[in-house]
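Participant: What follows is a single structure, and I will ask about it in a moment.
Nothing in this text is a laboratory measurement; each read-out follows from the coordinates by a stated rule. Note that the structure is a prediction, hence the values are computed from the model and not measured. Cβ atoms come from the backbone with ideal geometry, glycine included; neighbour counts cover every protein chain shown.
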Amino acid sequence: MRIRNNPKALDIIKEHDEKVIFRPEKYKGNWKKYFIKEDGYNPNTPIHVELGMGRGKFISTKGLLYKDINFIGIDLRHEIILSALEKILEKDTHNVLLLPYNILDIEDAFEASEIDTFYINFCDPWPKVRHSKRRLTHKLFLEKYRTLLKNNGRIEFKTDSRELFDFSINEFKESGFEILDITYDLHGGDYPENITTEYEEKFIKKGIKINRLEAVKK
């Protein structure tokens, strides 16, 4: 599901610097203070981060449904940031921030043990073996996420690729995560709180089974 290049995307998202953060390094370790609510700063409010956002449906819906959680969406493409921005502005969602940022540098944007949950939804499977280190569930990435997660912090992972899923299971285990929930047919089971992404809805219509797991830092 491609998003077309939009030469105006960068200029548009720059107009919303209260929602789109171009220099996240400035807030490393202080993201909770950035999410100041009208009733004051709550240091116990969890932070959930989506790594790659599709068209922004997942994180904008999450922000709307779960007001007691702060959400941050990360993607490198300005067109994707714009798509997500339009959704959170339309829904008047106050607990979602967007980062046009390279996930490779994620440890520069967050402090150790600052994140409660990461979401990885339908990332590029990079099917060729020589490209495996580019997969967002490769242990080189998982080690970074693990550092940034609190103890008992989670990663929720969904993909249509069984090959990537099996690869990821091994990577999670080798990276010090415990897998608590795993399914090879998400929509054939009982997951009432599942929020679909644009990619997910496309796969469902084609009859493609969705793989999902939750991994916990121990």
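Participant: How large is the dipole of the stretch 63-218 about the Cα centre if only Lys and Arg carry +1 and Asp and Glu carry -1, each at its Cβ, rounded to the nearest 20 debye?
Facilitator: Taking the Cα centre of the stretch 63-218 as origin, the dipole is about 580 debye.
Participant: Can I ask one more? What list do you get for Trp126, Trp31 if you sort them by fewest beta carbons within 10 Å?
Facilitator: Numbers: Trp126 17, Trp31 21.
If I rank by nearby Cβ atoms, fewest first, I get Trp126, Trp31.
Participant: Ok, one more. Using amide H atoms built in the peptide plane, which far-off residues or other-chain residues are under 5 Å from Arg77 H to H?
Facilitator: none
Participant: Also, I was wondering about something else. Using only the alpha carbons of the chain, determine the length spanned along each of the three principal axes and report them from longest to shortest in whole angstroms.
Facilitator: For the chain, the Cα spread along each principal axis is 42, 38, 36 Å.
Participant: Quick one: order Tyr41, Tyr101, Tyr145 by neighbouring beta-carbon count within 10 Å, fewest to most. Please list the in-between numbers first.
Facilitator: Numbers: Tyr41 11, Tyr101 21, Tyr145 25.
The order, fewest Cβ neighbours first, is Tyr41, Tyr101, Tyr145.
Participant: Stretched out fully, how many nm does the piece from Arg77 to Glu178 gain, at 0.36 nm a residue minus the Cα gap?
Facilitator: Extra length available between Arg77 and Glu178 comes to 33.2 nm.
Participant: Of Asp92, Asp185, Asp160, how do they rank once you tally other Cβ atoms within 10 Å and put the fewest first? Could you put the intermediate results ahead of the total?
Facilitator: Details: Asp92 7, Asp185 10, Asp160 19.
By the 10 Å Cβ count, ascending, the order reads Asp92, Asp185, Asp160.
Participant: Given Asn44, Asn30, Phe203, which one lies farthest toward the positive end of the charge dipole of the chain, if we put +1 on the Cβ of every Lys and Arg and -1 on the Cβ of every Asp and Glu?
Facilitator: Positive-most Cα among the choices belongs to Phe203.
Participant: Return the sequence-ordered ³J(HN,Hα) values of the stretch 91-106 in whole Hz as given by the Karplus equation 6.51 cos²θ - 1.76 cosθ + 1.60 applied to θ = phi - 60°, using x for Gly and Pro.
Facilitator: Each residue of the stretch 91-106 in turn: 8, 6, 8, 9, 10, 10, 10, 10, 10, x, 8, 8, 4, 4, 9, 4 Hz.
Participant: Run through the stretch 28-83 and list the GluC sites (Glu not before Pro) located in a DSSP loop whose Cβ has at most 10 other Cβ atoms within 10 Å.
Facilitator: In loop regions of the stretch 28-83 (DSSP not H, G, I, E or B), the sparsely surrounded GluC sites (Glu not before Pro) are Glu38.
Participant: Ranked from highest to lowest mean number of other Cβ atoms within 10 Å per residue, what is the order of the peptides 106-112, 133-139?
Facilitator: Highest to lowest by the protection proxy: 133-139, 106-112.
Participant: Per the Kirkwood formula on distinct C-alpha pairs, the Rh of the stretch 117-173 is how many angstrom?
Facilitator: 11.6 Å
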